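Just below is one structure, and these are the notes that go with it.
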Amino acid sequence: QQQVKQSPQSLIVQKGGISIINCAYENTAFDYFPWYQQFPGKGPALLIAIRPDVSEKKEGRFTISFNKSAKQFSLHIMDSQPGDSATYFCAAVISNFGNEKLTFGTGTRLTIIP
Amino acid sequence: KAGVTQTPRYLIKTRGQQVTLSCSPISGHRSVSWYQQTPGQGLQFLFEYFSETQRNKGNFPGRFSGRQFSNSRSEMNVSTLELGDSALYLCASSLLFDRTYEQYFGPGTRLTVT
C-alpha cells in the first residue's frame, strides 16, 4: 500500500525558475515530514523537514508548504540551479518512540536546464 | 564528524549465495536502519536496530536479516540470493535523542545478483 504519493515522476525546469514537487499522505498518524535529495551514486541526504504544527518552513532556496487538512505537502525550490538536478524524495514518519521508520514517496527526478 | 560508512560499496554475487553488508553509523548515533532501493519499488524499509535490538521490520522475507553490535555498527545478511535482490542497500543512522528523527544515509552498497 502506497502511503505517500509523490508527483511528478520527473520535472524539467529552466534555470532561475521555481521547481515544485508535491506529496500526499494517507495515514494521519504521520507527524514528521522530511525531504531528501539524492545525487547519482550517493545516498539520500536530508534536505529540510517539517512538522504539521506549522504551515511553512523555509531554508535558503528550499521551502516546504504543509496543508494538514488536505494531507498534502510540497517542496518549492526557488531560483533553481543546475546543481539542484537530482532525485528528490518526500517521506513521512510516525514519531512515537519505537516506530520511526521512514515511508518514502516514489521520487521525482528534477532536471534544471540552462 | 564522519558520516555513515558502508562496506563494501559494490558487490557481485551469484544466485543462491549469501551476502553480508556492513554499516558504521555516525559517532554517537544509536539507531541504524536499512533500506532497499530499486528503480521499480523505490526506497523500502527493511529493518531498524536500536541498542542491539530490532525494533521495526519491513515486509521482506526471512532471508533478510540483520544485527547490531554494542558499538552501534550494524550488518545485514541476505541468504539464498535471488535475481530480484539486486539493488542499492542503504543504511541510515539516527541520534534518537530528544525526539530527533533525522536519519542520515550512507552511500549504499550496490549488490548485483547474477
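Just so you know, all these numbers are worked out from the coordinates, no wet-lab data involved. Just so we're clear, the structure is a prediction, and the values are computed from it rather than from any experiment. Positions of Cβ are generated from backbone atoms using ideal geometry, with glycine treated the same way; all protein chains shown enter the neighbour counts.
Overview of results
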read-out: Shielding by other protein chains, A:14-23, mean Cβ within 10 Å; value: 0
read-out: Karplus (6.51, -1.76, 1.60) ³J(HN,Hα), θ = phi - 60°, over region B:23-29, in Hz, Gly and Pro reported as x; value: 9, 10, x, 4, 3, x, 7
read-out: Förster radius 25 Å - calculated FRET efficiency between A:Ala70 and B:Gln44, Cβ distance, rounded to 0.05; value: 0.45
read-out: Calculated FRET efficiency for the pair A:Gln9/A:Asn96, C-beta based, R₀ 25 Å, to 0.05; value: 0.20
read-out: Residue mean of other protein chain beta carbons inside 10 Å, A:102-109; value: 4
read-out: Spacing of the two label points (7 Å from each Cα toward its C-beta) at A:Lys58 and B:Thr20, in nm; value: 5.2
read-out: Solvent-free Debye scattering, log10 I(q)/I(0), computed from the Cα coordinates of region B:6-78 at q = 0.21, 0.24, 0.26, 0.27 Å⁻¹; value: -0.99, -1.22, -1.34, -1.39
read-out: 5 angstrom amide H check on A:Ile94, placed H, neighbours 5+ away; value: A:Asp31, A:Lys101
read-out: Unsatisfied cross-links (Cα-Cα over 24 Å) in the set A:Lys15/A:Lys68; A:Lys5/A:Lys68; A:Lys68/B:Lys57; A:Lys5/A:Lys58; value: A:Lys15/A:Lys68; A:Lys68/B:Lys57
read-out: Area projected by the alpha carbon convex hull of region A:1-72, averaged over all directions, nm²; value: 6.0
read-out: Karplus-derived HN-Hα couplings along region A:25-32 (A = 6.51, B = -1.76, C = 1.60, θ = phi - 60°), whole Hz, x at Gly and Pro; value: 10, 10, 7, 6, 6, 4, 9, 8
